[in-house]
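Taking it in order: structure first as structure tokens, then the write-up.
The values are calculated or read from the model by the stated rules, or taken from the named source; none is laboratory data. Keep in mind that this is a model prediction, so the values were computed, not measured. Please note: Cβ atoms are built from the backbone with ideal geometry, for glycine as well, and neighbour counts cover all protein chains shown. SASA here: full protein model, heavy atoms, side chains in, ligands and nucleic acids out. Shrake-Rupley method; radii C 1.70, N 1.55, O 1.52, S 1.80 Å.
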Amino acid sequence: MAKMADTELHVRGLSRYVDDQVPPKNCLYCVILYSAIARGRIISIDVNEAQNAPGIVRIITAGDIPGENQIGSIILDEPLLAEDEIHYMGQPIAAVYGDSESAARRALKLIQLQVEEQPAVIDPRIAYQENHLIAPPRTFSIGDADLTMKDCDFVASGRADSGAQEHFYLEGQAAFAFPAEGGGLLIQSSTQGPSTVQKMVSRVCGLPMNAIEVDVRRLGGAFGGKEDQANAWACFAALGTKLTGRPCRMVLRRSEDMLATGKRHPYSSDFTIGLNKEGKILAFKAMYYQNAGAAADLSTAILERTLFHSTGSYYVPHVQVTAVSCKTNLTPNTAFRGFGGPQAMFVFEAALREASRISGISVKELQKINLIQTGQAFPYGMKAENARAQACWERSFEKYQLPKRIKAIEDHPAGRFSRGYSLMPVCFGISFTNITLNQARALVHIYLDGTVGVSTGAIEMGQGVNQKIREIVSNTLGISLEMVKTESTNTTRVANSSPTAASSGADLNGKAAEMACQALKQRILNFMAEEQLNCPPEDLEICANRLYLDEEPLDIPWKEAVEKAYAARVHLSAEAHYSTPDLHFDTATEKGRPFAYHSYGCAYTELTLDRLLGSYSIDLVQIIHDLGRSINSVVDLGQIEGGLVQGIGWMTMEEMLHTPEGKPLTATAGSYKVPDISSVPQIECEFLRDVDNPQAVMGSKAVGEPPFMYGIGAYFALRMAAGIEGPRFEAPMTPERIFMEMRERN
């Protein structure tokens, strides 16, 4: 079993997740009383009748929490359980612990809750007008956008709105808590951030962090939805165990998960873009209203990344962009693949379309001549290093014969079925923008039979990070892949780990693992050279499980070398710490070098629209992507294809609707539409050739988030096919919206 990779475990149904843990006989089951209103005041809550119901062990409200009633991470503004005020529908008010889930759910109905409902605010622009803010606005600027705009030959303005998006991970939010010696806790959590869970459980339970062990084997998907939002459910499980001494299970139903967890942030934005008569963009201004929901969560960090990606893949010498995180009465929104970058890129691509309409210069010409090049500065001062936007664009036209394809679509005769296309270049910065988080650790053991165990802070959630780390270890030590096992992620083996997010899991943890393996390899080679072979260590190498001397194989297998080293008391374990070098950012000036590097790419999308019905099929997406030197091309291709389809879903069908009172209308699997297999277009992808990336492990580049932005192209291809023009851009472009917008313009 140790040699079996995740992929084989998955297809055989052997992969284990949190809810696969068999509950012990004395296990508690936790269910939550959620608020049925979006805004109001708690008048009274009476749990006595529910507490006396059969099978009920304990019911807690805010006053029963032994530590702090606070799970905010960046800003301390999010109570675990509502105290006096209710800020969103689905906010936890009480936790019920029963001998069975059914008993706990029956008791929920017996809790007597009296509330005073108040008007909800769900529009970020209204929240801004009423000064309901998570934090003050932030502005990035370079040059003088206002002065330059006056001298532009063409100036275009408009509004762009993008919606929320449900993570819809296959495995929902889940946690198990078990009592440990000395009053400690063992938590099994479906989280992207074990150390964050450890910190929050410590805070809520009033325990030191060293009394809490968090263990994560794998997640059944996350996409950012388990970076901070897993904390609450782990805390509820931990409280049950802390207060009763019994194991506790906390697993959300899908309907509860969709009701009570945050989504991708909706944005409403205003833009103005100025260009000269040749089509060169000279100035850009934007105001982004971020709908944060009822608490900060990660909103301020997400807003910051929006500002970092405000000009997308393009160079603009004069920029002034402002973003504000607005507090509304929706579930606190959270991290989602792209982390604020997609919302910014959507706005800039919308601005290009409006600039094209005003100037008469084609969109593809505006895109081509304004792509950022090496040495040109982003609005935050960092200069593009090894920029490959132009290379990806040119390779797309060459590889996929785009002039011919584009002409065929532009010449397509008018009728019921129309065609559309778009080009979507991508430039995405790789690193946590919170520079502190750009660090990772690895612990590597070599066992006496030559097999290797690797512990890092990386969380496997279907993106293949464990496979990449295994390949890094295998390649570094010179041994076969089958001899390498990745262990679960555990806070007692690797402490103070950063969340697996920001596309940095393999970059950070893989580099730490490589460093640990390099140290181990050198120890063994030094020992063998000096004590066994009497040769310089630099003449020895390990390859294919065997020692080589001056590139000639020796009759010394890897296992034998390990045994000899152990017998001589050579240390066969190593720990390494890696922190990304040369990162800095000054929030006083909003300038610096926040990213280790940028990933680039270009996607061409074409589709067919039924103008009578508003329905469509995305026929083809062709991608050129900059991966540096791919560690595992199959894993990377899967990430590109999956990210693309998820982006298409956000732009075309995934619509989150609420009543004016803040009640979600699409918070069930039956009412929320996600892409299925029939939604997936023909996808062709080529990795940019003959490129290297010295800023990351083995010359690779991160791949988790950048491909998501390719899906933005589907929106603009639909607008083209529908003949929709004008300064207002609203996503998702559902068939209903296409149908109505076409009718409004005819």
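The 3J(HN,Hα) values that the Karplus relation (6.51, -1.76, 1.60; θ = phi - 60°) gives for region 690-695 are, in residue order, 6, 10, 9, 9, x, 7 Hz. Gly and Pro appear as x. By the Cα gyration tensor, region 388-458 has an equivalent ellipsoid whose semi-axes, rounded to whole angstrom, run 49, 18, 14 from largest to smallest. Scalar couplings 3J(HN,Hα) for region 96-105, obtained by applying the Karplus form with A = 6.51, B = -1.76, C = 1.60 to θ = phi - 60°, are 10, 10, x, 6, 8, 5, 5, 5, 5, 5 Hz; x denotes Gly and Pro. Restricting region 238-322 to GluC sites (Glu not before Pro) that sit in a DSSP loop and have at most 12 other Cβ atoms within 10 Å of their own Cβ leaves Glu278. Computed from backbone phi, the HN-Hα couplings of region 266-279 come to x, 10, 10, 9, 10, 9, 9, 10, x, 8, 8, 5, 7, x Hz, rounded to whole numbers (Karplus: 6.51 cos²θ - 1.76 cosθ + 1.60, θ = phi - 60°; Gly and Pro given as x).
The residues of region 341-475 present an accessible area of 35 Å² per residue when probed at 1.4 Å with all protein chains retained.
Remark on region 648-718: hydrodynamic radius 15.7 angstrom, per the Kirkwood mean of 1/r across alpha carbon pairs.
Here the scattering of region 519-590 is modelled by Debye summation over its C-alpha atoms, one equal scatterer each and no solvent; at q = 0.15, 0.25 Å⁻¹ the log10 of I(q)/I(0) is -0.54, -1.12. Each of Asp449 and Arg405 was given a label point 7 Å from its Cα along the Cα-to-Cβ line. The distance between the two points is 5.0 nm. When the alpha carbon coordinates of region 1-157 are projected onto the principal axes, the ranges are 75, 58, 28 Å, largest first. You can think of it this way: the chain between Glu116 and Ser480 has 124.5 nm of extra reach, that is 0.36 nm per residue less the Cα-Cα gap. Just so you know, the Cα atoms of region 584-666 work out to an Rg and Dmax of 19.2, 54 Å.
Rounded to the nearest 0.05, what FRET efficiency is calculated for Ile75 and Arg16 with R0 set to 30 Å and r the Cβ-Cβ distance? Efficiency, from the Cβ-Cβ distance: 0.25.
Its residue count N fixes a reference of 2.2 N^0.38 Å for region 507-555, and the Cα radius of gyration divided by that reference is 1.26. Here the translational diffusion coefficient of region 507-655 follows from Stokes-Einstein with Rh set to the Kirkwood radius across Cα pairs; for 25 °C and 0.890 mPa s it amounts to 118 µm²/s. Each pair of Cα atoms in region 334-374 enters the Kirkwood radius, and Stokes-Einstein at 20 °C and 1.002 mPa s then converts it into a translational diffusion coefficient of 185 µm²/s.
For region 189-272, the mean projected area of the C-alpha convex hull, equal to one quarter of the hull surface, is 7.7 nm².
Applying Stokes-Einstein at 20 °C and 1.002 mPa s to the Kirkwood radius of region 592-746, computed over alpha-carbon pairs, gives a translational diffusion coefficient of 124 µm² s⁻¹.
Amide H to amide H distances under 5 Å link His658 with Leu665, where only residues 5 or more positions off or on other chains count and H is placed in the peptide plane.
If you count only protein heavy atoms with a 1.4 Å probe, what accessible area per residue comes out for region 216-301, rounded to a whole Å²?
Values: 1800 Å² over 86 residues.
Result: 21 Å² of accessible area for each residue.
When every alpha-carbon pair in region 403-516 is counted, what percent end up more than 24 Å apart? Working shown, then result.
Values: 2783 of 6441 pairs.
Result: 43 percent of Cα pairs exceed 24 Å.
Per residue, the convex hull spanned by the Cα atoms of region 105-233 amounts to 254 cubic angstrom. The amide H of Glu730, built 1.01 Å from its N in the peptide plane, has Asp161 as neighbours under 5 Å, considering only residues 5 or more places off or on other chains.
Assign one of three labels to region 277-381, namely rounded, prolate or oblate, based on the Cα gyration tensor with a ≥ b ≥ c the square roots of its eigenvalues; rounded applies when a/c is under 1.5, prolate when it is not and a/b is larger than b/c, and oblate otherwise. Cα axes put region 277-381 in the prolate bin. Sorting 580-592, 619-631 by average packing, meaning the other beta carbons within 10 Å per residue, from highest down gives 619-631, 580-592.
On the accessible surface of the chain, probed at 1.4 Å, how many percent belong to carbon and sulfur atoms? Here it works out to 50 percent.
Summing -39500 (n - 2.57) over the DSSP H runs of n ≥ 4 in the chain and dividing by its residue number, what mean residue ellipticity at 222 nm do you reach, to the nearest 500 deg cm²/dmol? Walk me through the numbers on the way to the answer.
Details: 19 runs with 201 residues, N = 746.
So the calculated ellipticity at 222 nm is -8000 deg cm²/dmol.
Across every pair of non-identical alpha carbons in the chain, the mean reciprocal distance, once inverted, gives a Kirkwood radius of 27.3 Å. Summarised in one figure, the compactness ratio Rg/Rh of region 28-80, Cα atoms and Kirkwood Rh, is 1.00. Eigen-decomposition of the gyration tensor built on the alpha-carbon atoms of region 104-169 gives equivalent ellipsoid semi-axes of 46, 17, 12 angstrom, largest listed first.
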